[in-house]
């Protein structure tokens with residue numbers, strides 16, 4: 001019994017650290033833009049007193065508190081995007097995440113994977129992978145520092161105790177391309 | 001002219017980061033601003049009560065910058081590495097980091113607890129070169 005426990009823990013550690021590797025391998029690469037927001041930031045944000053009578057807003061801040069980390073990788077480089085696709089596939093094979101949804105629309109692919117938490121509405125890990133965004137973003141004139149950017153691929157990792165029903169609220173507050181698809185997941 | 005800034009907003013600096021500040025403030029290419037908050041007037045800003053309290057709790061603003069020129073790029077890379085080493089080693093908690101290799105990076109770390117921040121470290125690498 002003990003052996004099983006130990007190997008279980010080992011498996012968990014390896015799968016967890018693999019996601020970490022996937023992120024850190026791309027994080028400092030040329031042509032990749034990354035964002036990491038840690039739990040401390042979320043708990044500080046949510047500890048700021050918000051006098052909101054809006055129930056949605058209140059739910060949003062309650063949910064924020066339960067996020068341990070948010071990581072985003074984006075790239076406009078097709079080569080890197082292909083690498084990312086490969087690595088995400090590898091990760092998904094090893095990590096036993098469940099597919100929540102997959103949407104394909106023309107060249108665009110949105111897939112979402114989760115690790116179920118305490119009940120069917122809660123997840124401890126969420127991975128969203130969006131590919132083929134170039135078609136949309138090339139028309140949108142997304143510019144950073146005065147230079148026009150194309151975004152081809154977005155990978156989003158969320159860890160914590162996340163209520164799927166709250167995801168749609170979050171998606172409205174975040175300005176990451178592809179996040180609008182979260183809405184469908186909450187339904 | 002390009003600038004790269006590391007900015008610390010703090011009541012007291014942890015030793016090694018402080019050492020880095022002291023060690024480099026007179027080195028060439030470095031720019032230093034130590035601003036006691038008493039010099040910063042908040043008269044023209046309309047604060048709410050909480051904001052005013054927060055503003056007044058800031059004791060000191062230490063800014064160390066590196067002036068990037070064509071001939072000191074190598075040294076700049078070394079200093080960047082040094083800074084990252086210091087920031088990674090010390091018991092700073094990371095709030096967030098973001099950016100990319102072209103436009104620069106921002107790292108936000110702090111020392112303190114959930115209710116009060118003793119030090120806030122803002123690191124900007126090449127981020128504001130286009131702003132200045």
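Rule-based calculations on the coordinates, nothing more; no lab input. These figures come from a predicted structure and were not determined experimentally. Don't worry about glycine lacking a Cβ; one is built from the backbone with ideal geometry, like all the others, and counts go over all protein chains shown.
Observations, loosely collected:
- With a 10 Å cut-off around each Cβ of A:21-34, the average count of Cβ atoms from other chains is 2.
- Taking only the Cα atoms of the range B:2-125, the radius of gyration and Dmax are 15.5, 49 Å.
- Residue separation of residue B:37 and residue B:51 scaled by 0.36 nm, minus their Cα-Cα distance, works out to 3.6 nm of gained length.
- More than 16 angstrom apart: percent of Cα pairs within the range B:15-86: 61 percent
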